[in-house]
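Working notes, structure below.
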Amino acid sequence: MSTQKTVRQQFDAVEQSEALRLDGDKAEQIIDALNTDLANAYVLYHQIKKHHWNVEGAEFNDIHEFLGDAAETLEDGADEIAERAQAIGGVPIAGPTNQEDHATIAFEGEDVYDIRTSLANDLQAYGDIIEGLRDHIQLAANLGDPTTEHLLKEQLIEIEEDAHHIEHYLEDDTLVVESATN
């Protein structure tokens with residue numbers, strides 16, 4: 001086991017990528033935006049997983065499977081965002097405390113709520129993430145980084161799709177008869 005403890009790059013330092021040739025000031029702004037997106041993805045990921053584990057009721061299976069898929073989508077997207085931040089010279093935000101501090105959304109807490117409340121909380125977080133992604137897509141475009149712009153557009157498509165599904169789950173139409181809820 002190695003005892004070497006050499007810091008190769010400080011978290012808030014940006015190293016110029018010779019290969020990608022993105023100006024340091026521009027890279028710094030994009031990395032900050034990407035770290036916000038990364039933090040948001042992981043905060044929502046943990047909330048979605050909590051709901052995936054705790055969902056009950058007549059629609060249990062469908063919602064359980066959807067939430068599992070949605071968590072996987074968030075995790076895959078987070079990985080792509082982190083790799084992009086690293087590629088342009090940054091250090092992706094990794095620790096849960098730092099992620100929570102850097103996120104623009106808040107984790108709902110450890111309590112378990114009814115599934116409608118849980119999904120409504122998720123939908124709110126998705127909406128906030130969607131707005132942030134749109135801003136960061138524009139930022140990347142304005143700073144001349146079409147690769148990050150493209151990556152975030154792909155993320156936005158996935159996030160909007162999952163948010164749209166949650167919106168449908170929250171509609172008042174159901175196959176459950178009234179007598180079953182009494």
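Annotations
- The combined condition, being buried (at least 19 other Cβ atoms within 10 Å of the Cβ), among the hydrophobic types (A, V, I, L, M, F, W, C) and closer than 30 Å to R116 by Cα, is not fulfilled by I130.
- In region 26-62, residue most open to solvent (accessible area, probe 1.4 Å) [restricted to those that are among the acidic types (D, E) and outside any helix (DSSP H, G or I)]: E56
- When E167, E108 are checked against the criterion of being over 13 Å from T36 (Cβ atoms) and without any contact (Cβ under 8 Å) to a residue 60 or more places away in the chain, a single residue qualifies: E167.
- Among residues of region 140-159, those that are surrounded by fewer than 16 Cβ atoms within 10 Å (Cβ to Cβ) and part of a helix (DSSP H, G or I), counted: 9
- I137 outside any helix (DSSP H, G or I), open to solvent by less than 50 Å² (accessible area, probe 1.4 Å) and either of a type outside the set (S, T, Y) or within 21 Å of L152 (Cα to Cα) (or both): no
- Candidate set: region 63-116, residues that are of a type in the set (S, T, N, Q) and crowded, with 17+ Cβ neighbours inside 10 Å; chosen: the one farthest from L152 (Cα to Cα): Q99
- Residues of region 111-132 satisfying the condition of being in contact (Cβ under 8 Å) with a residue 24 or more places away in the chain and assigned to a loop (DSSP other than H, G, I, E, B): V112
- Near pairs, Cβ below 6 angstrom, 6+ apart or cross-chain, from region 1-28 (basic (K, R)) to any residue that is modelled with pLDDT of 70 or more: K26/L143
The values are calculated or read from the model by the stated rules, or taken from the named source; none is laboratory data. This one's a predicted model, so the numbers in the text were calculated from it and none came from an experiment. In this analysis, Cβ positions are derived from the backbone assuming ideal geometry, glycine residues included, and neighbour counts consider all displayed protein chains. These accessible areas exclude ligands, DNA and RNA; they are computed on the full protein's heavy atoms, side chains included. Shrake-Rupley method; radii C 1.70, N 1.55, O 1.52, S 1.80 Å.
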